[in-house]
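The structure under discussion appears below in the form of structure tokens.
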Amino acid sequence: MMTATLAASSNPSRLSRQKSVLRKRILATRHKMGTPLREKASRRICSQIAALPAFQQATVIAAFAPMEEEVNIWPLLTDCWKNNKQLFFPRVTGKRQLQFHQVLARHELQIGFKGIAEPYPHSVVIQKSQLFDFAIIPAVAVDAAHYRLGYGGGFYDTFMFGLSSTFSCAPVFSCQKVSCVPAESHDRPVFFVFSE
């Protein structure tokens, strides 16, 4: 496990700098893995998530479309569709705001915010009264207490604030696990962290 000596600070600008330094370091390390190693590790991670009882029992799942160097969860998501699980993907609708739309197949995604694949605006939106059974959350880094560092937009921080009763996981490569992620009072940890 890679260690980080960064600690949370009451100074917002200092905390932001700490997160930025850690984010750049972890992303550079992840990039050095190379595609073959990332794909091999991704298969192991997908197998672990698929074996989790909470995931197996879930029928309504929040997911994300992985970017090129993230854990490739597409095989897992494809199996979800085959097993009639409902998958909802995020679409950016404003500052720190995500709206989740049901997606029935990979081709129902388009390139959207910052080049990330997201649903078309007209696709079915999950209502606020509905709850996800399980959520797969992207992360740049995750620490021993399961707090995550995102890409800096704050979208998932807002989303996760309302996920207290939903099982959630962050799929990351082992080089993305750190001892401490700088966290604020509003941050919420994920239930599970999966790495190769």
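The values are calculated or read from the model by the stated rules, or taken from the named source; none is laboratory data. Since we're looking at a predicted model, the values are computed, not measured. Positions of Cβ are backbone-derived with ideal geometry, glycine not excepted, and every protein chain shown enters the neighbour counts.
A few comments on the model shown:
- Taking the stretch 30-94 as the region of interest, the helices (runs of 4 or more DSSP H) fully inside it that hold 2 or more residues being surrounded by fewer than 20 Cβ atoms within 10 Å (Cβ to Cβ) and touching a helix residue (DSSP H, G or I) at 6+ places or on another chain (Cβ under 9 Å) are 35-51, 74-82.
- Total residues in the stretch 98-115, condition part of a loop (DSSP other than H, G, I, E, B), within 21 Å of CYS80 (Cα to Cα) and out of contact with any Leu (no Cβ under 9 Å at 6 or more places or on another chain): 1
- The lone criterion from (1) of a type outside the set (Asp, Glu); (2) surrounded by fewer than 17 Cβ atoms within 10 Å (Cβ to Cβ); (3) touching a residue at least 24 places away in the same chain (Cβ under 8 Å) left unmet by CYS180 is number (2).
- Here PHE167, PHE134, PHE159, PHE192 are screened, and the one residue that is in contact with a helix residue (DSSP H, G or I) (Cβ under 6 Å, 6 or more places away or on another chain), surrounded by fewer than 22 Cβ atoms within 10 Å (Cβ to Cβ) and farther than 21 Å from GLU69 by Cβ is PHE167.
- For the stretch 21-66, a residue qualifies if it is under 24 Å from PHE113 (Cβ atoms) and either at pLDDT below 95 or basic (Lys, Arg) (or both), and the qualifying residues are ARG23, LYS24, ARG30, ARG38.
- Of everything listed in (1) without any contact (Cβ under 8 Å) to a residue 12 or more places away in the chain; (2) under 18 Å from GLU196 (Cα atoms), the single unmet condition for ILE26 is (1).
- Subset tally (residues that are of a type in the set (Asp, Glu) and crowded, with 16+ Cβ neighbours inside 10 Å) for the stretch 95-131: 1
- Among the conditions (1) of a type in the set (Lys, Arg); (2) more than 21 Å from ASN11 (Cα to Cα); (3) touching a residue at least 12 places away in the same chain (Cβ under 8 Å), LYS114 misses just one, which is (3).
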